[in-house]
Amino acid sequence: MVASTQSDIALTRLQQTERHIDPEATQRENEKLSIVQGQTNPPLWEVTLSELLELQCLQHRDSDCLVVPWTDTRWTYGQLKEESERLARGLIAKGIKHGDCVAVMAGNCEQYVSLFFATAVVGAIFVVINNNYTESELLYALKHTSCKLLFISPNIGRHSLEDTIHNLEIRDRSQVLPSLELVIIRGRYCGIQTYDDIIKEGQGVSKKAAYRYSNTVSPYDVCNLQFTSGSTGDPKASMLTHHNLVNNSRFIGDRMNLTSSDTLCCPPPLFHCFGLVLGLLACLTHGAKVVYPGETFDPAAVLKAISQEKCTAVHGVPTMFESILSLPKPEGFDCSHLRTGIIAGAPVPYTLMQRLVNELNMTEFTSSYGLTEASPTCFNAFTYDSIDRRLTTVGKVMPHASAKIIDPKSGRTVRVGERGELCISGYQVHYGYWRNPKKTSESLIQDEDGKLWLRTGDEASFDLDGYCTITGRFKDIIIRGGENIYPLEIEERLVAHEAVARAAVIGVPDRHYGEVVGAFIEFHDGPAVVKGLPSGEDLRDWTRKTLGRHKAPKYFFVCGSHSLIPRTLPQTGSGKIQKQVLRELSYTLLEQAEIQATLQ
């Protein structure tokens, strides 16, 4: 990692010198196409997840690997390996075979992690279910993947799944889910078989039998199904391989300069790539320790874990960090060891970044960009990048990956500095969507050389040094009178106001312009609003000071100001704002002509 870092710095200085000596170099660079290639060193690893854990045990067997404070669990690398192998023998006893799907719907806990590696030993496919899924969404996921086992918790935080479990118990004895069995992942519930019961069943399976299963698994086998957003239909299950996850997580840890002496506090959920790959596997590939402070996100538990475990890194989305910083620090709080972490999932306000550096000592935080279909990380900043770089870009392309920006209509590669659709190619691109060839063919395209590219649906641009800036989702772009308006720049302007905590900008139908700008606003509590909340016109004037008049929102919807508007912006389980929900809500409010309770 040091060598690659030094070479990057040297290359940047050489390019700057060339531009100074040869002014025509600038003109030539302006004609460059927006295509970048990651480094090809170090080489990719060719191992499965279970082989990775076995290899790490050779060096780190007695070192802490996993800490779960809310269950009072502390496992070494050796203990994780032993537990996952015991559970793997239990899966074999239940008849689970290579390629079978095993699902989990639970909070962050040690059993979740051991199940992940147990399925890898057997060659089964680990299906992670979003904890926010409704019963109908869960049922769809189970049917779509033909799951054989579902490991589930009766309660995830304050969310009860008891009715869902009861209904599934009835269904699994019918023709709806004929092959499904339920397993309670923690504790006991209504006589249903448990995680511990599965391990006991495995006592009758020899270690040699488990080894025979493991020996048939290839790094290129699908090992994980991650469901993507279903805002435009049923969720799609992205097929990820051992090779995808092992190498992507390794390069993520490299960008953070992780070593075996690091400890990562990881509040994001394990059902998302953020918690599973950027968290668990990034640590495991570097011999580091990962801490999951709570079953679900709990800012107080995060602060406690950072201090007690002497964490050197912490991951999260901006809303998580805002919640963490809003709490008083516990007595004796110590974050002196903290230095880095990844902030992803949404744009990061400058004021938030200042507080992370000043109050949590995160001087080496990194910005990141990825998507499930890319395993997930495509771009990540370096810890040595300037704060401005880390705030305004998502860094440089990851090793062994290629990226380009195309005109979404013509497919041609645009010039450096121009906006277009970001496309990714390389080892980390998924195999496609499970049992959905139509959507797979829409997202994966071949160029004239036969190279496969993943269309991300995200708009972006590259600068001359290869840094990437994400400017928004194409589906979120507002077209007002034929002119494109980008929600991100409006959101950034609105949250720069001292009274505004969060903002989500959407397109609202308009008879004259086609679409106009609408904004959902969440105000701060506390000193910033003592002088009174700004009016809608105040916020329009604020927007117009730096942006064009047409970008000032026509409609403001204030969180908690109307019975239909929630008190906080709705989010996915991974912390992203659900803009589709807000669009539908705005349509309802406008149709009912009930916007008088909001700012105008």
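The values are calculated or read from the model by the stated rules, or taken from the named source; none is laboratory data. Keep in mind that what you see is a predicted model, and the values were worked out from it rather than measured. Neighbour counts are summed over all protein chains in view; Cβ atoms, including those assigned to glycine, are modelled from backbone coordinates with ideal geometry.
General remarks:
- One residue from I470, I445, I485, I477 being in contact (Cβ under 8 Å) with a residue 60 or more places away in the chain and in contact with a Phe, Trp or Tyr (Cβ under 7 Å, 6 or more places away or on another chain): I470
- In the range 496-514, the residues that are touching a residue at least 24 places away in the same chain (Cβ under 8 Å) and within 22 Å of T568 (Cβ to Cβ) form Cβ pairs under 9 Å with partners that are of a type in the set (K, R) and in a strand (DSSP E or B), at six or more places apart or across chains, as follows: G507/R480.
- Residue ranges of strands (runs of 3 or more DSSP E) in the range 409-523 with at least 3 members within 24 Å of the chain's Cα centre (by Cα) and of a type in the set (A, V, I, L, M): 452-462, 500-510
- The range 78-96, residues that are touching a residue at least 40 places away in the same chain (Cβ under 8 Å) and in contact with a strand residue (DSSP E or B) (Cβ under 8 Å, 6 or more places away or on another chain): L91, K94, I96
- Take the conditions (1) among the polar types (S, T, N, Q); (2) at pLDDT 90 or above; (3) in contact with a Ser or Thr (Cβ under 8 Å, 6 or more places away or on another chain); Q571 misses just one of them, which is (2).
- Residue in the range 544-582 that is nearest to the chain's Cα centre (by Cα), counting only those that are more than 19 Å from D476 (Cα to Cα) and β-branched (V, I, T): T568
- Hey, G99 of a type outside the set (D, E, K, R), in contact with a strand residue (DSSP E or B) (Cβ under 6 Å, 6 or more places away or on another chain) and assigned to a loop (DSSP other than H, G, I, E, B) or not: no
- Every condition in (1) part of a loop (DSSP other than H, G, I, E, B); (2) surrounded by fewer than 19 Cβ atoms within 10 Å (Cβ to Cβ); (3) in contact (Cβ under 8 Å) with a residue 40 or more places away in the chain holds for P219 except the one numbered (2).
- Which listed residue is modelled with pLDDT of 95 or more, surrounded by fewer than 15 Cβ atoms within 10 Å (Cβ to Cβ) and not acidic (D, E), from L87, L58, L52: L58
- Boolean, I185 is over 20 Å from Y433 (Cβ atoms) and surrounded by 20 or more Cβ atoms within 10 Å (Cβ to Cβ): yes
- Residue check for A344: at pLDDT below 95, within 24 Å of C65 (Cβ to Cβ) and not assigned by TED's automatic domain parsing to the domain that holds R502: yes
- Members of the range 430-478 found to be modelled with pLDDT of 95 or more, in contact with an Asp or Glu (Cβ under 7 Å, 6 or more places away or on another chain) and of a type in the set (A, V, I, L, M), listed by number: L454, L464
- Checking K81 against (1) farther than 17 Å from P269 by Cα; (2) buried (at least 22 other Cβ atoms within 10 Å of the Cβ), the condition it does not meet: (2)
- Residues of the range 569-593 satisfying the condition of being in a loop (DSSP other than H, G, I, E, B) and either farther than 20 Å from I129 by Cα or in contact with a Lys or Arg (Cβ under 8 Å, 6 or more places away or on another chain) (or both): L569, Q592, A593
- In this structure, I199 does not satisfy being within 22 Å of Y133 (Cα to Cα) and more than 20 Å from the chain's Cα centre (by Cα).
- Within the range 271-293, being assigned to a loop (DSSP other than H, G, I, E, B) and in contact with a strand residue (DSSP E or B) (Cβ under 7 Å, 6 or more places away or on another chain) holds for F271, A288, Y292, P293.
- Residue match in the range 273-293 (condition: within 22 Å of D62 (Cβ to Cβ) and aromatic (F, W, Y)): yes
- The set of residues in the range 146-172 that are assigned to a strand (DSSP E or B) and surrounded by fewer than 18 Cβ atoms within 10 Å (Cβ to Cβ) comprises N155, H159, S160.
- Test: K143 is in contact (Cβ under 8 Å) with a residue 12 or more places away in the chain and either in a loop (DSSP other than H, G, I, E, B) or buried (at least 19 other Cβ atoms within 10 Å of the Cβ) (or both): no
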